[in-house]
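One structure below.
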There are 4 protein chains.
Amino acid sequence: MKLISCTLLLAVLLSSFSHQTKKRIVFFGDSITQAGVQPTGFITKMKQMMEKKKMDSQYELMGAGISGNKIYDLYLRIDEDVLAKKPDVVVIWVGVNDVWHKQSSGTGTDADKFEKFYNAVIKKLQAANISVYLCTPAAIGEKTDFTNQLDGDLNKYSNIIRSIAKNNNCPVIDLRKSFLEYNLANNKENKESGILTSDKVHLNEQGNTFVAREIWKVLNSMVTKN
Amino acid sequence: MKLISCTLLLAVLLSSFSHQTKKRIVFFGDSITQAGVQPTGFITKMKQMMEKKKMDSQYELMGAGISGNKIYDLYLRIDEDVLAKKPDVVVIWVGVNDVWHKQSSGTGTDADKFEKFYNAVIKKLQAANISVYLCTPAAIGEKTDFTNQLDGDLNKYSNIIRSIAKNNNCPVIDLRKSFLEYNLANNKENKESGILTSDKVHLNEQGNTFVAREIWKVLNSMVTKN
Amino acid sequence: MKLISCTLLLAVLLSSFSHQTKKRIVFFGDSITQAGVQPTGFITKMKQMMEKKKMDSQYELMGAGISGNKIYDLYLRIDEDVLAKKPDVVVIWVGVNDVWHKQSSGTGTDADKFEKFYNAVIKKLQAANISVYLCTPAAIGEKTDFTNQLDGDLNKYSNIIRSIAKNNNCPVIDLRKSFLEYNLANNKENKESGILTSDKVHLNEQGNTFVAREIWKVLNSMVTKN
Amino acid sequence: MKLISCTLLLAVLLSSFSHQTKKRIVFFGDSITQAGVQPTGFITKMKQMMEKKKMDSQYELMGAGISGNKIYDLYLRIDEDVLAKKPDVVVIWVGVNDVWHKQSSGTGTDADKFEKFYNAVIKKLQAANISVYLCTPAAIGEKTDFTNQLDGDLNKYSNIIRSIAKNNNCPVIDLRKSFLEYNLANNKENKESGILTSDKVHLNEQGNTFVAREIWKVLNSMVTKN
């Protein structure tokens, strides 16, 4: 009896000293994620939400976003920038540049290669016992009359991500879907930006709050489930 | 009584001597229109429809489509290929290459230049007292899950055409709209072609019949109206 | 004798009253020409050269450059922006955007359409008895190891311009050729900009001086010849 | 005398038992390499050259080319298609699609990613003690007046390959250089294809012979050296 209590006490003490008890979540993505750690970014907002809910002792949030990144850039830097941080959870948010660079510089990613490298990224993470969450690419343009030039491809690559998620048992944070719904309800003037984005792609204040909530909703439901 | 018969006789005689009594309709466009004069093409089908309705003495249908044409190609050859034929009506169907060439060869048409050249084409035709009908570009891909890569731009350029039509008092044959509706109803399997097109763009048998009817519907209603 | 002196006197008097005696030169082009009228621009520099040579009473120089223009933009605004100014000479400098927009926005100009619209522009100017001078596009990148991405197309479109010039009896200011030669001699470090351009395309101080001299050389030789 | 015969016998026996005595060379690349194993392909021609020189017992040549491949496609299939074959030598010939796809489908490879994946491929091969030979991309168009549209980028990516080769101690078969030299000497009519290629990219009979000799020259000199 005494022995057990001592062990328990020790465990409690250790856990309060060790950061191992904090779940480490790394956000892995492009410029949108890179901006997420800014003072008004969605990662910062998630930290603030957790503080309010007194959950900040349970989670440690880290950004690993680099501007211009496509899926194969994530693959190329996964060891150094993600695995080295020994995360418990990784939230991948990528795809905008894979589609957009087709038009802007001729160096977008073929759909089939997008899938192959995405699977390779997940495989590496899951091999390290990391829980992987996938986000669909939110938007390149917020117009609601179906005239955003790259919507077709964004929808296609989002479908690929949804299918990858299913095949790999990863929860999806379907930002593509939730951005469209939000815009249909709130962008009656058919603006190309200014609703959730500042420039068709990157999040404005409202966008950062929206994304923080969307990601939290899914993360929290999964954590509760497990 | 006698006078009337004489007048009638004269009218019949005149009409048989002069082809001026036939309304000449020129179809002005790209490869889709070029294929329209083939044995199963939509222009040929319209001729057959008119024969059945005994209206073929009233109309003369001519094709003026050239593969790969964009709006500024139409502008460059309008004198020779259209005005020289002294048509009463011109049906313009263009836009697929203006959008598609952005991706296939980097030589699509800027939206604002598309509008400028389209207006210049209409101005030239209307200055020659020609009735001008505008078609919106039907499709580049028939998928119904909003993943056709070029849908965003096709919708945008269709909007431009609808607006040009309004500003110039031209009836619109809204093939973009009617193709989408037909596919939503008939392409449950989300195929990229094979419903109204053979290859995502060019008309198959069913597509030619569909287009012949859509154009006839608008042409006939306008003729009846006037 | 008396008659002749009177006529001469009259001519002198008229020329001092009328600005018609000044040869009006309009520079017709894109952003490079648009910047030419700035305080350090090549058109301003040409004016200063003429003042030094006491030739400024003979020439009037006007800019008609608009950022982003391709050959068909020149065509679309030629009446308003050039013919309305009743120039004696027009110097056309275009081509960089026709090539570059293929890559940057998918809306470059097909080589055969480039030729057609260029010929149409010249035809309109020559029909108004205007002397037309053609410039080849100078550079998109100044590297001297043949790795500027768009050199192949720039060379191709320059060849088209040289051929158009020949067919229409227009003098050529071959900036493509003279920029290459200048860079081979002065850009030993293989820099992509900073020799004659500030940003691979637009002229720096040295570039503006260089272009002013190159244009003047050809203009002056033609004027002397005639 | 007896000793020698015994040794010879042993050698013959050993060589018939072990395929280790044959140097296995795998050609790793795109459609050009894929066509290399055809009856008139350059790999087949190299086999025939070796037979003539009685060297075919020393070498085993295998093709591993797949149409449309870019450097990251090679990376994705290296384990299965190359390492599994346990080669002694790998000849990498890639780059045409990395450049060309920028224009044809918007999915070319960024220069810096090209370098990263190329280095990753070499690292994997060298870790398996394989000798790696690099080819520069030969041509997309054979024009000799510097108007091939993609020459700038082909030269840039060839420079990257030359630099990678140097850094990794890999011999280079500089096909870009040798094709240019051959064309300058033999393509006086400035044809875009028909000299060493059938279609600007893929080898014709003469091209296959030329490439077989160029590769052999370098392979043989290295083998002799070692």
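The values are calculated or read from the model by the stated rules, or taken from the named source; none is laboratory data. Owing to the predicted nature of the structure, the values given are computational and were not obtained by experimental measurement. Ideal geometry is used to build each Cβ from the backbone, glycine not excepted, and the neighbour counts take in all protein chains shown. Heavy atoms of the whole protein, side chains included, go into the accessibility calculation; ligands, DNA and RNA do not. Shrake-Rupley method; radii C 1.70, N 1.55, O 1.52, S 1.80 Å.
Where both partners of a DSSP beta bridge lie in chain C, what percent of those bridges are antiparallel, to the nearest 5?
Details: 1 of 20 bridges.
Around 5 percent of the beta bridges assigned by DSSP in chain C are antiparallel ones.
Can you give the helix-only mean residue ellipticity at 222 nm for chain D, where every DSSP H stretch with n ≥ 4 adds -39500 (n - 2.57) and the sum goes over all residues, rounded to the nearest 500 deg cm²/dmol? Intermediate values should be presented prior to the final figure.
Working: 9 runs with 118 residues, N = 226.
So the helix-based figure for chain D works out to -16500 deg cm²/dmol.
Can you list the copy-to-copy distances for B:N186, using a point 7 angstrom from Cα toward Cβ, in nanometres, shortest first?
Nearest to farthest, the other copies are at 4.1, 5.5, 6.6 nm.
Just the accessible area per residue of chain A, please: how many Å² with a 1.4 Å probe?
Values: 10700 Å² over 226 residues.
I get 47 Å² per residue for this part.
Give the nm distances, rounded to one decimal, from A:K54 to the matching residue in every other copy, measuring between label points 7 Å along Cα toward the beta carbon; shortest first.
The projected label point of A:K54 is separated from its counterparts by 9.1, 9.2, 9.5 nm.
Using a Gaussian network model of chain C with C-alpha springs under 10 Å, which one of C:S193, C:S158, C:S105 is most mobile by mean-square fluctuation?
C:S105
Heavy atoms only, probe 1.4 Å: what % of the accessible area of chain B goes to carbon and sulfur, would you let me know? Before the final figure, lay out the partial values.
Values: 5840 of 10720 Å².
Within chain B, the accessible surface is 54 percent carbon and sulfur.
From largest accessible area down, sort D:F146, A:F117; use a 1.4 Å probe on the protein chains. Provide the component values of the computation, followed by the final result.
Working: D:F146 110, A:F117 0 Å².
Descending accessible area places them as D:F146, A:F117.
Chains A and D: buried accessible surface, both sides, probe 1.4 Å, rounded to 100 Å²? Intermediate results must be reported in sequence, preceding the final value.
Numbers: alone 11850 and 11870 Å², together 22420 Å².
Separately minus together, A and D give about 1300 Å² buried.
Using the charge dipole of the range B:77-226 (Lys, Arg: +1 at Cβ; Asp, Glu: -1 at Cβ; taken about the Cα centre), state which of B:T107, B:T136, B:A185 has its Cα farthest towards the positive end.
So the residue we want is B:T136.
Could you tell me the distance between the Cα centroids of the range D:83-145 and the range C:27-43, to the nearest Å?
Answer, in whole Å: 43.
In Å, what Rg and Dmax follow from the Cα atoms of the protein assembly as shown?
In order Rg, Dmax, the Cα atoms of the protein assembly as shown give 34.2, 139 Å.
For chain B, modelled as a Gaussian network with Cα springs under 10 Å, which listed residue fluctuates most, B:S163, B:S104, B:S131?
Highest fluctuation of the listed residues: B:S104.
So if I take the alpha carbon set of chain D, get Rg, then get Rh from the Kirkwood formula, what is the Rg over Rh ratio?
On the way: Rg = 18.7 Å, Rh = 18.4 Å.
Dividing the radius of gyration by the Kirkwood radius yields 1.02.
Considering only protein heavy atoms, what is the solvent-accessible area of A:V89 at a probe of 1.4 Å, reported in Å² to the nearest 10?
10
Which number do you get for Rg(Cα) / (2.2 N^0.38 Å) in the range B:129-188?
Values: Rg = 12.8 Å, N = 60, 2.2 N^0.38 = 10.4 Å.
Rg over 2.2 N^0.38 Å, computed on Cα atoms: 1.23.
Please identify, among A:P171, A:P39, A:P87, the residue showing maximal mean-square fluctuation in a Gaussian network model of chain A using a 10 angstrom Cα cutoff.
Largest GNM mean-square fluctuation: A:P39.
Once you place label points 7 Å from the Cα toward the Cβ at B:Q206 and A:F146, how far apart are they in nm?
1.9
Considering the rotational relationship between chains A and C, which residue of chain A contributes the beta-carbon of minimal distance to the axis, and what is that distance to the nearest Å?
A:S104, 4
For the pairs B:K70/C:K177; C:K102/C:K123; A:K156/B:K188; D:K156/D:K188; D:K102/D:K156; C:K188/D:K217, flag any whose C-alpha to C-alpha distance is greater than 22 Å. Mind dumping the intermediate values first?
Numbers: B:K70/C:K177 33 Å; C:K102/C:K123 26 Å; A:K156/B:K188 17 Å; D:K156/D:K188 25 Å; D:K102/D:K156 14 Å; C:K188/D:K217 33 Å.
Correct reply: B:K70/C:K177; C:K102/C:K123; D:K156/D:K188; C:K188/D:K217.
Please work out the Kirkwood hydrodynamic radius for the range C:61-123, using every pair of different C-alpha atoms, and report it in angstroms with one decimal place. Before the final figure, lay out each step's value.
Working: mean 1/r = 0.0812 Å⁻¹.
Evaluated on the range C:61-123, it is 12.3 Å.
Considering the zone a paramagnetic label at B:M62 would reach in this model (a point 7 Å from Cα along the Cα-to-Cβ line), which residues of the range B:77-105 have amide N under 16 Å from it?
Output list for this probe position: B:77-92.
Which whole number gives the average count of other chain Cβ atoms within 10 Å of the Cβ atoms across peptide B:156-165? Don't jump to the answer; show the numbers that get you there.
Details: counts 6, 1, 1, 3, 1, 0, 0, 0, 0, 0.
Per residue, the number of nearby Cβ atoms from other chains is 1 on average.
So if we plug the beta-carbon distance of A:N186 and A:K217 into 1/(1 + (r/R0)^6) with R0 = 25 Å, what FRET efficiency do we get, rounded to 0.05? Walk me through the numbers before you get to the answer.
On the way: r = 18 Å, r/R0 = 0.73.
Efficiency computed from Cβ-Cβ geometry: 0.85.
Scattering from the C-alpha atoms of the range A:80-193 alone, worked out with Debye: what is log10 I(q)/I(0) at q = 0.12, 0.19, 0.21, 0.23 1/Å?
Log10 of I(q)/I(0), two decimals: -0.47, -1.00, -1.13, -1.25.
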